[in-house]
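Trainee: Got a structure for you, written out below as C-alpha cells; questions coming shortly.
The values are calculated or read from the model by the stated rules, or taken from the named source; none is laboratory data. Just so it is clear, the structure is predicted and the values come from calculations on it, not from any experiment. Positions of Cβ are backbone-derived with ideal geometry, glycine not excepted, and every protein chain shown enters the neighbour counts. These accessible areas exclude ligands, DNA and RNA; they are computed on the full protein's heavy atoms, side chains included. Shrake-Rupley method; radii C 1.70, N 1.55, O 1.52, S 1.80 Å.
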Amino acid sequence: MLSARKFKLVLLDRDGVINHDSADYIRNASEWSPIPGALQAIVALQEAGIVVAVCTNQSGVGRGLLSASSLHEIHDTLQRCIEELGGQRVSVYYCPHRPDAGCGCRKPEPGMLLDALHDFGCDAREACFVGDSARDLQAAKRAGCEGILVRTGNGGATEKTVSNTIVFDNLATFANHQRSII
C-alpha cells in the first residue's frame, strides 16, 4: 500500500530511521552512524521541495546517560553531514524526558509533531511522520498526519505487529517514491 500523495512536510524519527540505533543509547557524536542512503534521502526530499524536520525521543538525557550538550553535538554532526551533501539544515525537535515523566512531547504523544506542524504552518494532512516503531505511528495518528514505517531499525519487527500501514524498506526508498510523485 503506497501513498499517492506528495507531502509538504516530512517529519522523521532519528534513531533507526536516519542513523543506526543502539540499545545502549547513542551517547556522543562518535557513536552516531548514519544508515546508508539516509542522509542522501533527506537531501533528495529537500531538492524535491519538501521540508524535512526530525522529531526524536532522547530519554538518555533524562536518564543521565548523555548531556544536553552531547545531544547537541550529535545533532550538529547530523546537520554538517547533510550540508556536506548539499542539503539544508533541518529543524530538530527532541524530548529529553524519561518514559515515566508523563510529558506531552514524548512519542507516542504528539507534542513534537504538533510543534513542528505549527512552526512550519503546515496542515497535518499535508505532512507525514516516518518512523520505525509503533509509538512513531501512534504519534503520527494523534497529530493527524500520515504514519509511514521503514524497515530499518526496529521497523522490521514493528511491521509484524501493525496493519494498514504504508511501509518502505528504508528512508531512501521513501524519498525516491516521494520524488516520483508529480
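Trainee: Of all residues in the range 77-100 being open to solvent by less than 60 Å² (accessible area, probe 1.4 Å) and of a type in the set (A, V, I, L, M, F, W, C), which is nearest to Ser133 (Cα to Cα)?
Mentor: From the range 77-100, those open to solvent by less than 60 Å² (accessible area, probe 1.4 Å) are 77-79, 81-82, 86-87, 90-93, 95-96; that's our starting set.
The next check asks that each one be of a type in the set (A, V, I, L, M, F, W, C); those that pass are 78, 81-82, 90, 92, 95.
Working: Leu78: 21, Cys81: 25, Ile82: 24, Val90: 22, Val92: 19, Cys95: 16 Å.
If we take residues in the range 77-100 being open to solvent by less than 60 Å² (accessible area, probe 1.4 Å) and of a type in the set (A, V, I, L, M, F, W, C), then Cys95 is nearest to Ser133 (Cα to Cα).
Trainee: Can you name the number of the only condition in (1) touching a helix residue (DSSP H, G or I) at 6+ places or on another chain (Cβ under 9 Å); (2) at negative phi; (3) surrounded by fewer than 20 Cβ atoms within 10 Å (Cβ to Cβ) that Ala23 fails?
Mentor: (1)
Trainee: Is at least one residue of the range 45-54 more than 23 Å from Ala124 (Cα to Cα), within 18 Å of the chain's Cα centre (by Cα) and modelled with pLDDT of 95 or more? Even if it seems obvious, please write down each step before you answer.
Mentor: From the range 45-54, those more than 23 Å from Ala124 (Cα to Cα) are none; that's our starting set.
No, every residue in the range 45-54 fails to be more than 23 Å from Ala124 (Cα to Cα), within 18 Å of the chain's Cα centre (by Cα) and modelled with pLDDT of 95 or more.
Trainee: Do you know which residues across the range 155-176 are farther than 17 Å from Val54 by Cβ and touching a Ser or Thr at 6+ places or on another chain (Cβ under 8 Å)?
Mentor: Thr158, Glu159, Ile166, Asp169
Trainee: Between a residue in the range 56-76 that is open to solvent by 50 Å² or more (accessible area, probe 1.4 Å) and any residue that is outside any loop (DSSP other than H, G, I, E, B), which pairs come within a Cβ distance under 6 Å, given they are 6 or more apart or on different chains?
Mentor: Hits for this filter: Glu73/Ala29.
Trainee: Do we have Gly49 as open to solvent by 50 Å² or more (accessible area, probe 1.4 Å) and either hydrophobic (A, V, I, L, M, F, W, C) or in a loop (DSSP other than H, G, I, E, B) (or both) here? Can you show your working first?
Mentor: Values: open to solvent by 50 Å² or more (accessible area, probe 1.4 Å): yes; either hydrophobic (A, V, I, L, M, F, W, C) or in a loop (DSSP other than H, G, I, E, B) (or both): yes.
So Gly49 fits the description; yes.
Trainee: Of all residues in the range 27-42, which are β-branched (Val, Ile, Thr) and open to solvent by less than 10 Å² (accessible area, probe 1.4 Å)? Reasoning before the result, please.
Mentor: Just the residues of the range 27-42 that are β-branched (Val, Ile, Thr), to begin with: 35, 42.
The answer is Ile42, and nothing else.
Trainee: Here is a further query. Provide a single number: the residues in the range 138-165 that are within 23 Å of Asn176 (Cα to Cα) and either open to solvent by less than 40 Å² (accessible area, probe 1.4 Å) or among the acidic types (Asp, Glu) (or both).
Mentor: Selection size over the range 138-165: 13.
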